[in-house]
Amino acid sequence: MDFAIKIEDLTIDYNGKIAVDSLSVNFEADKFIAIVGPNGSGKSSLLNAITGLTKCSKGKIDVAGIKNSKDRSRIIGYVPQIKTLDRNFPAKALELVASGYKKNWPGKLSSNMKDIAHEALEMIGADSLADKQLAEMSGGELQKVYLARALVKKPKILLLDEPATGIDMVCEQSLNHIIEKYKTENSATVVMVTHDWSSAYYHANNVLLLNKKKVYYGAAKEAFDNANLQLAFSHPGHKHNVEFGLRENA
Ligand code: ADP
Ligand code: MG
């Protein structure tokens, strides 16, 4: 079994307003895939549809051949863009990580559950945060804890929606390396929405440029070709003449 995601003619609309338009793309197993596109281009809707949280209006998504979308949660780890948790919720990092293991808030943690949650934090080098209250954490620390929460079940597919938002560049680079290490050690497939083209360029095997429709899917090198970026980011009729640049060491 490989853990690829096959998307066929997918359309998502919200009360008639199209968010993703006739998208067909194959995310190959064991690859690091970046999704890049302007605000409102359907990136989060696409990830939500892969998890089964958002319904497809048309088309289909095959996740590793698993028919029932409820069963997908066994193999998918997800760091959503909008965190529903109140930052002032009186909980420790370890409890938030453990909540990724069960659907419900875990209550008092068993010692076995504690071990599992510690292991996930250790995996990303953040075990020192275990006893910290959520309200006391920086944005970057909180993102790491959410990543540990997504990894707690050792998923074969990891979906990340702008995991680096609100964190500084050094933290972002370490986050990218943590994700890449997890992918390699677990033969996982990573699908990451990012605004950071340099991260996508240097870390992803393939890039999907999305603007409701597929603008481009393939090797990162060609994705960041000016013509493709113009297509994805400019409005037709008034080209912005932006020169797109990439950082040296992402
Ligand atoms: P992105 O993640 O690329 O910024 P989204 O997938 O969040 O884009 O949103 C795509 C479009 O769908 C936007 O116009 C947004 O307003 C709309 N949208 C997203 N979620 C919902 C929802 N739950 N109900 C109605 N409209 C939504
Ligand atoms: Mg989004």
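The values are calculated or read from the model by the stated rules, or taken from the named source; none is laboratory data. On a predicted model such as this, the values are computed, not experimentally measured, just so you know. Surface accessibility is based on the protein's heavy atoms, side chains included, excluding ligands, DNA and RNA. Shrake-Rupley method; radii C 1.70, N 1.55, O 1.52, S 1.80 Å.
Computed values, structure above
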| read-out | value |
| --- | --- |
| The chain - percent of accessible surface contributed by carbon and sulfur, probe 1.4 Å | 49 percent |
| Cα convex hull of the chain - mean projected area over all directions, nm² | 14.1 nm² |
| Share, in percent, of DSSP beta bridges within the chain that are antiparallel, nearest 5 | 55 percent |
| Over region 1-86, volume per residue of the alpha carbon convex hull, in Å³ | 119 Å³ |
| Rule-of-thumb Rg ratio for region 17-164 [Cα; 2.2 N^0.38 Å; N residues] | 1.11 |
| Percent of beta bridges antiparallel (DSSP, region 153-226, rounded to nearest 5) | 55 percent |
| Relative contact order [Cα under 8 Å, 6+ residues apart], the chain, whole percent | 25 percent |
| Accessible area in square angstrom per residue, the chain, 1.4 angstrom probe | 50 Å² |
